[in-house]
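Here's the structure, in structure tokens; my notes come after.
The values are calculated or read from the model by the stated rules, or taken from the named source; none is laboratory data. What you are looking at is a predicted structure, and each value in this text was computed from that prediction instead of being measured. Quick reminder, even Gly has a Cβ in these numbers, built from the backbone with ideal geometry, and neighbours come from all protein chains shown. The accessibility values were calculated without ligands, DNA or RNA, using every heavy atom of the protein model including side chains. Shrake-Rupley method; radii C 1.70, N 1.55, O 1.52, S 1.80 Å.
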Amino acid sequence: MTTIAGVQHKTGCVIAADSQTTWGERPFNSFGIDKIVERNGYLIAVAGDGRAADILNYSWKPPKVTASGDLYGFVVSKVIPSMRKALADGGWKDSSDSKDDNGIDALIAVRGQLFSIASDFTVLRDENGFYGAGSGGNYAVGALEAGADIQTAVEIAMKYDINSGGVVQVVTQLARR
């Protein structure tokens, strides 16, 4: 699948991801196709279903970020419906209620604040400020908890998660108040 890690700081956030895509039993290292994209004031990083990731990273036009106000409420009420519409318009079938693994696992940053988006589109925040997504996400979070920087955390995850590999991409977004 993928390893995506995120760290929330007082001054903003940082997201890191591997570059490997796995299809069946074969790994692909896709150079020039980033797993973390910047679009319309957002950082978007998606693991899980490859088609959903392509739609959200390259076709979705997220709503304009508000300059102030309740950011969590904005993500829940504006961003998530926009995501779901983009996925439906792109022909992706939401299978988050089934037993297969075709859901999404995403991190998005808005105004320097990180949000974890679960496969059922629940919006989550972590008081420790460490986030992980994809099949290597838990390894990365463990490494972060043990004191690793974000790049090293993803590199550690790539050693233990067969579905992660390649080059690590790191992107920072500063908080806007």
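Inside region 154-177, residues that are open to solvent by 60 Å² or more (accessible area, probe 1.4 Å) and either at pLDDT below 95 or of a type outside the set (Val, Ile, Thr) (or both) make up a count of 8. Residue under question is VAL76, and the condition is that it be β-branched (Val, Ile, Thr) and open to solvent by 50 Å² or more (accessible area, probe 1.4 Å); does it hold? It is true that VAL76 is β-branched (Val, Ile, Thr) and open to solvent by 50 Å² or more (accessible area, probe 1.4 Å). Out of everything in region 119-153 that is aliphatic (A, V, I, L, M) and under 26 Å from TYR72 (Cβ atoms), what residue ends up being most open to solvent (accessible area, probe 1.4 Å)? Selected residue: LEU124.
At least 1 residues being of a type outside the set (A, V, I, L, M, F, W, C) and under 14 Å from the mean Cα position of the chain (by Cα) is the threshold, and among the helices (runs of 4 or more DSSP H) wholly inside region 48-141 those reaching it are 50-58.
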